[in-house]
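**Student:** Questions regarding the structure given below will be posed in turn.
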Amino acid sequence: SQKIEQNSEALNIQEGKTATLTCNYTNYSPAYLQWYRQDPGRGPVFLLLIRENEKEKRKERLKVTFDTTLKQSLFHITASQPADSATYLCVLEPGGGGADGLTFGKGTHLIIQP
Amino acid sequence: GAVVSQHPSWVICKSGTSVKIECRSLDFQATTMFWYRQFPKQSLMLMATSNEGSKATYEQGVEKDKFLINHASLTLSTLTVTSAHPEDSSFYICSASGEYYGYTFGSGTRLTVV
């Protein structure tokens, strides 16, 4: 069965450092991989999408890599801030078009300590 | 950008009663809407997918007679939890996708059945 593993349930990082979150998957060949942020009691908020033929995508302080050989994505937040504290979800999508469902990881709870 | 409004944000109901949750796309037409359920510290689990004007497609293990989904227009989908029981207490989240947008999530509904 399809499985998504995110590196840990909680990750503590000192403010200003780079936070790196890991997403590994098995039995899946996603066309797209997405990262979402979820705050307690709220719905997920889209951050970045990377396609299977892309190696890296950046957006401001965020960077995502996608290695389809290793079946792994890394999500980096540089110059981390306490406001970045949240749960980050790795999400796989089988194809484009917006009509297919998503498969979610459990998420990594990131805590940025001042 | 695309906005999805979900109401109510929280609801407490008595066991045996029914609860309706609304999901509206405010500035785009959502051809497909998804309903998810999330238990504490767990990933979002897809319950059903609905396309406007047609019956919803339920995931395995989700009772369609208990979780009634209506997608009567391109901007509104509703999820009704019928004869709710304490084990139905969870965080319910809707997501919408349209022709030009990826996935946009609602803010979620915390259901507590007492």
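The values are calculated or read from the model by the stated rules, or taken from the named source; none is laboratory data. No experiment lies behind these values; they were computed from the predicted model shown. Reconstructed Cβ throughout: ideal geometry from the backbone, glycine too, with neighbour counts over all protein chains shown.
**Student:** On the given criteria, is B:S95 surrounded by 20 or more Cβ atoms within 10 Å (Cβ to Cβ), within 14 Å of chain A (Cβ to nearest Cβ) and hydroxyl-bearing (S, T, Y)?
**Tutor:** It is true that B:S95 is surrounded by 20 or more Cβ atoms within 10 Å (Cβ to Cβ), within 14 Å of chain A (Cβ to nearest Cβ) and hydroxyl-bearing (S, T, Y).
**Student:** Only one of these is within 12 Å of chain A (Cβ to nearest Cβ), in contact with a strand residue (DSSP E or B) (Cβ under 8 Å, 6 or more places away or on another chain) and not small (G, A, S): B:V3, B:V11. Name it.
**Tutor:** B:V3
**Student:** Here is a further query. Taking into account only those residues within the range B:66-86 that are modelled with pLDDT under 95 and not in a strand (DSSP E or B), which is nearest to A:R37 (Cα to Cα)?
**Tutor:** In this case the residue turns out to be B:T75.
**Student:** Looking at the range A:81-95, which of the residues that are under 15 Å from the mean Cα position of the chain (by Cα) and small (G, A, S) is farthest from A:I13 (Cα to Cα)?
**Tutor:** Here the residue is A:A86.
**Student:** Here's a follow-up. When you look at B:V62, is it surrounded by 13 or more Cβ atoms within 10 Å (Cβ to Cβ), touching a residue at least 60 places away in the same chain (Cβ under 8 Å) and of a type in the set (A, V, I, L, M), yes or no?
**Tutor:** So B:V62 does not fit the description; no.
**Student:** What pairs come out if I take residues in the range A:59-74 that are more than 16 Å from A:T108 (Cβ to Cβ) and pair them with residues that are assigned to a strand (DSSP E or B) whose C-beta lies under 6 Å away, six or more apart or interchain?
**Tutor:** A:K59/A:L48; A:R61/A:I77; A:F66/A:L33; A:F66/A:I50; A:F66/A:S73; A:K71/A:Y25
**Student:** Tell me which residues, restricted to the range B:67-89, are buried (at least 20 other Cβ atoms within 10 Å of the Cβ) and either at positive phi or small (G, A, S) (or both).
**Tutor:** Of everything in the range B:67-89, those that are buried (at least 20 other Cβ atoms within 10 Å of the Cβ) and either at positive phi or small (G, A, S) (or both) turn out to be B:S77, B:A84.
**Student:** Quick one: is B:G102 within 8 Å of chain A (Cβ to nearest Cβ), touching a strand residue (DSSP E or B) at 6+ places or on another chain (Cβ under 9 Å) and at positive phi?
**Tutor:** In short, no.
**Student:** Select from the range B:33-77 the residues that are β-branched (V, I, T) and more than 9 Å from chain A (Cβ to nearest Cβ) and write down the one among them that is nearest to B:A2 (Cα to Cα).
**Tutor:** In this case the residue turns out to be B:T75.
**Student:** Of the residues that sit in the range B:102-114 and are surrounded by fewer than 20 Cβ atoms within 10 Å (Cβ to Cβ) and not hydrophobic (A, V, I, L, M, F, W, C), which one is farthest from the chain's Cα centre (by Cα)?
**Tutor:** B:G102
**Student:** I'm trying to understand the selection: among the residues of the range A:1-44, which are within 14 Å of chain B (Cβ to nearest Cβ), within 14 Å of the chain's Cα centre (by Cα) and of a type in the set (S, T, Y)?
**Tutor:** Selection gives A:S8, A:Y25, A:Y32, A:Y36.
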